[in-house]
1. How many of the residues in the range 59-92 are surrounded by 15 or more Cβ atoms within 10 Å (Cβ to Cβ), in contact with a strand residue (DSSP E or B) (Cβ under 9 Å, 6 or more places away or on another chain) and part of a strand (DSSP E or B)?
2. Collect the residues in the range 103-123 that are more than 10 Å from G158 (Cβ to Cβ) and assigned to a helix (DSSP H, G or I), keeping them in residue-number order.
3. Which residues, counting only those in the range 111-126, are among the hydrophobic types (A, V, I, L, M, F, W, C) and buried (at least 19 other Cβ atoms within 10 Å of the Cβ)?
4. Would it be correct to say that E183 is away from the ligand (no atom under 14 Å from the Cβ), closer than 24 Å to K241 by Cα, assigned to a helix (DSSP H, G or I) and in contact (Cβ under 8 Å) with a residue 24 or more places away in the chain?
5. Residue pairs, Cβ under 6 Å, 6 or more apart or interchain, first in the range 198-210 and over 15 Å from C269 (Cβ atoms), second away from the ligand (no atom under 16 Å from the Cβ). List them.
6. In the range 216-225, is there at least one residue being surrounded by fewer than 18 Cβ atoms within 10 Å (Cβ to Cβ), part of a strand (DSSP E or B), hydrophobic (A, V, I, L, M, F, W, C) and in contact (Cβ under 8 Å) with a residue 12 or more places away in the chain?
7. Restricting to the range 5-34, count the residues that are among the acidic types (D, E) and either within 16 Å of the ligand (Cβ to nearest atom) or crowded, with 17+ Cβ neighbours inside 10 Å (or both).
8. If you take the residues in the range 15-58 that are in a loop (DSSP other than H, G, I, E, B) and β-branched (V, I, T), which one is nearest to K242 (Cα to Cα)?
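Throughout, read-outs are computed from the coordinates displayed, never taken from laboratory work. Because the structure is predicted, anything quoted here is derived from the model rather than measured. Note that each Cβ is placed from the backbone with ideal geometry, even for glycine, and that neighbours are counted across all protein chains shown.
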Amino acid sequence: MDIKLQKVSYAYSVGTPFEKFALFDVDMEIPSNTYHAIIGHTGSGKSTLLQHFNGLLKPTKGIVQVGNRTIEAGKKAKDLKPLRQKVGIVFQFPEHQLFEETVLKDIMFGPMNFGVPEEEAEKRARKGIRQVGLPEEVLAKSPFDLSGGQMRRVAIAGVLAMNPEVIVLDEPTAGLDPRGQKEIMELFYRLHKERGLTTILVTHSMEDAAKYADRISIMHEGRCVLTGTPREIFSDSETLKKYRLEVPRIVKFQKKIEEMIGKPLSKICLTEEE
Ligand code: ADP
């Protein structure tokens, strides 16, 4: 499912004294089966943007197209339920939304809520738990008896059980230790490759964006200021500096980027030395 945003603006609390535009004229194209990273500072509009991908927010101005579904400012959108199923969003700390008595019930909740028969929902739950690398025995446990990393995987299995075609990840590794972070990122990359899952990653991590994404968009003060391949983005040290996007001084990472762009990284886009 291709995603296309045309001149999308979004304001919170329209028509009240608190009206506030969080997106301005955003154009973005994310073709099927690609891995697209969205980077930018806190408050740059990333979370607001990602909620447009499945119709949770509707544009105040402009057009959002997801597959054959069009959501246009000022027009009544058709039933958005199918879109919510096709575009799964993994919000920050998704484990906070676990609530059922058992992991199995929790993973089945989403599909059953969307009318999937019980037997099929259970099949999807078993598949989902395997896909996130947890043993099936976990299904009988209470989600609250699991470790933080396991809970996150269960929450992800719940999104996968909806059989989405697009998955949107909002800082999916926040709060995990470095090993857990790597495992989760590798898991999504595998899903992207094996299932052809279109993947949209909202991240603070320049490292993850460079490592996994086909294309990267930079958000700044509600605008999409640049989109390009990792190579194009990291070659453009002036832009990185302008938007205060610094590359961490991790030798391995720096080397990898330098190999990718075929020249040393400009000092101006490296983090300050401690
Ligand atoms: P990011 O995800 O990049 O941190 P957000 O999309 O959360 O950015 O926020 C973009 C802007 O919209 C910020 O200025 C933020 O304060 C504002 N904003 C976010 N959510 C709301 C809301 N519910 N009501 C009003 N303003 C909001």
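1. So the count comes out to 12.
2. At the first step, the residues of the range 103-123 found to be more than 10 Å from G158 (Cβ to Cβ) are 104-105, 112-123.
Correct list: L104, K105, M112, N113, E118, E119, E120, A121, E122, K123.
3. Restricting attention to the range 111-126, the residues satisfying the condition of being among the hydrophobic types (A, V, I, L, M, F, W, C) are 112, 114, 116, 121, 125.
Once the filter is applied, which keeps residues that are among the hydrophobic types (A, V, I, L, M, F, W, C) and buried (at least 19 other Cβ atoms within 10 Å of the Cβ), the range 111-126 yields V116, A121, A125.
4. Answer is no for this residue.
5. That search, which allows pairs on different chains as well, returns T198/S32; T198/N33; T198/V166; T199/Y35; T199/I167; T199/H192; D208/M185.
6. Looking only at the range 216-225, we keep the residues that are surrounded by fewer than 18 Cβ atoms within 10 Å (Cβ to Cβ), and these are 221, 223, 225.
Now restrict to residues that are part of a strand (DSSP E or B): 223, 225.
Applying the additional criterion that residues be hydrophobic (A, V, I, L, M, F, W, C) yields 225.
In the following step, the residues that additionally are in contact (Cβ under 8 Å) with a residue 12 or more places away in the chain were identified as 225.
Yes: one or more hits.
7. As a first pass, look at the range 5-34 and keep what is among the acidic types (D, E): 19, 25, 27, 29.
When the remaining residues are screened for being either within 16 Å of the ligand (Cβ to nearest atom) or crowded, with 17+ Cβ neighbours inside 10 Å (or both), the result is 19, 25.
Matching residues across the range 5-34 total 2.
8. We begin by selecting, within the range 15-58, every residue in a loop (DSSP other than H, G, I, E, B); these are 15-19, 31-34, 40-45, 51-58.
In the following step, the residues that additionally are β-branched (V, I, T) were identified as 16, 34, 42.
Details: T16: 33, T34: 27, T42: 16 Å.
Here the residue is T42.
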